[in-house]
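Here is the structure we will look at, set down as structure tokens.
The values are calculated or read from the model by the stated rules, or taken from the named source; none is laboratory data. All values reported here derive from a predicted model rather than from experimental measurement. FYI the Cβ positions are ideal-geometry reconstructions off the backbone, even for glycines, and counts take in every protein chain you see.
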Amino acid sequence: MTNEQIIENAKYRFEKDIEAFSEQTPERRSFVFSAHPEIKEAFSKTDAASSALLGACAGLNSPRETIEALRIKYNLALSDLRTLLISAGYAPDLLDYKPRCGVCHDTGYVNTAVCSCFERYVQEERRKALSSLLSTGNEDFNNFSLKYYNEYSGHMAIILETAKHVAYKFDKNSKNLYFYGATGLGKTFLSACIARVVADGGFTVVYDGFTSIMSNAEGYRFGRGDRGTDLQERYAQYFDCDLLIIDDLGSEMTTAFTISVLYDIINSRLLSDRKTIISSNLSPEELTFRYNDKIASRICGEFEVLHFDGEDIRAQKKNI
């Protein structure tokens, strides 16, 4: 899902919730009016006085004395209404429309900046989009156990702390990471843990297997795949997101096109200072043979290369 789609989904939910919240005001008024006709009458007088005052203020030729007289009339009507509400045991502003957010007044924006109330919806949508890509839903650093690494646990503890630091301190100065090692050692799981934390921090995260990335690249470059999907946006997200996580590099069929796409993504993200995490079974030396010197140089020179050691964790769990 693209960032634009995430924001659209957030906007839809935000507006529906604001609409539902605003409907509480007339419902509340109706309840009070049915129980207290005198409050209904006072409210009508206050509303009429308010309309007259606003009309006079909007008029270009309204005398100042007229406006002041209408202001006094409105204030008296409002005072009578609030006195009746208090006498009935209600808050004096019970019938007023109060926005759910006092900062942006339910617009979602403060000047040109996104309000925190709307940003929460965006973050929820990002988490949902990310969760649809992750496998189990339990991708949490607390679930990354070092007990399965035996004599390598000290080394893996360093990798775990590096991953946590990138996740919890994520910004433009964060490291790019290259995880490599045999299958079943937690590379994908640790990448997913980072993805969840960074997304919770309000950053855009795209998590995808390299085979899927290549499929989308082919669809965009050659017009293949679902014509109803915006292929350009789908492909652009690999370049534009704050954090791109490429899982299982090396599992694809390697061609000149594959190498070109991989280089374009890595190089473009390095030049724009956007962060990337790659997990692979390929060692740094194997990158050169599988791809080329330029890709190997970019990864070995610009990424922190971390080797996962140990025995297949899935096999260990089966034997317990």
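Numbers for the structure displayed
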| quantity | calculated |
| --- | --- |
| Long-range neighbours under 9 Å by Cβ, at least six apart or interchain, first residue closer than 25 Å to D93 by Cβ within the stretch 51-75, second part of a loop (DSSP other than H, G, I, E, B) and of a type in the set (S, T, Y) | G55/S62; A56/S62; L70/S62 |
| Restricting the stretch 93-131 to residues that are over 21 Å from the mean Cα position of the chain (by Cα) and of a type in the set (A, V, I, L, M, F, W, C), the residue that is surrounded by the fewest Cβ atoms within 10 Å (Cβ to Cβ) | L94 |
| Total residues in the stretch 203-221, condition in contact with a helix residue (DSSP H, G or I) (Cβ under 6 Å, 6 or more places away or on another chain) and among the small types (G, A, S) | 2 |
| Count - residues of the stretch 144-161 that are under 20 Å from K175 (Cβ atoms), crowded, with 17+ Cβ neighbours inside 10 Å and not hydrophobic (A, V, I, L, M, F, W, C) | 0 |
| Selected residue (criterion: surrounded by the fewest Cβ atoms within 10 Å (Cβ to Cβ)) from residues of the stretch 28-44 that are under 17 Å from Y97 (Cα atoms) and in contact (Cβ under 8 Å) with a residue 12 or more places away in the chain | R28 |
| Residue in the stretch 73-88 that is surrounded by fewer than 14 Cβ atoms within 10 Å (Cβ to Cβ), assigned to a helix (DSSP H, G or I) and of a type outside the set (S, T, N, Q) present | yes |
| Number of positions in the stretch 279-306 that are touching a Ser or Thr at 6+ places or on another chain (Cβ under 8 Å) and within 20 Å of G154 (Cα to Cα) | 2 |
| Residue list for the stretch 33-49, restricted to those being under 19 Å from A91 (Cβ atoms) and either of a type in the set (G, A, S) or in a helix (DSSP H, G or I) (or both) | F33, S34, A35, E38, I39, K40, A42, F43, T46, D47 |
| Number of the condition not met by T258 [criteria: (1) of a type in the set (S, T, N, Q); (2) out of contact with any Phe, Trp or Tyr (no Cβ under 6 Å at 6 or more places or on another chain); (3) farther than 19 Å from D208 by Cα] | (3) |
| Residue within the stretch 78-96 that is modelled with pLDDT of 90 or more and farther than 24 Å from E27 by Cα present | no |
| Pick from the stretch 268-305, criterion free of Cβ contacts under 8 Å to residues at least 40 places away in the same chain and polar (S, T, N, Q), ranking: nearest to N173 (Cα to Cα) | S272 |
| Subset of the stretch 162-180 that is surrounded by 17 or more Cβ atoms within 10 Å (Cβ to Cβ) and aromatic (F, W, Y) - its residue that is farthest from D312 (Cα to Cα) | F170 |
| Residue in the stretch 227-249 that is in contact (Cβ under 8 Å) with a residue 24 or more places away in the chain and over 26 Å from the mean Cα position of the chain (by Cα) present | no |
| Scope the stretch 252-292; condition within 29 Å of the chain's Cα centre (by Cα) and among the hydroxyl-bearing types (S, T, Y); matching residues | Y263, S268, S272, T276, S279, S280 |
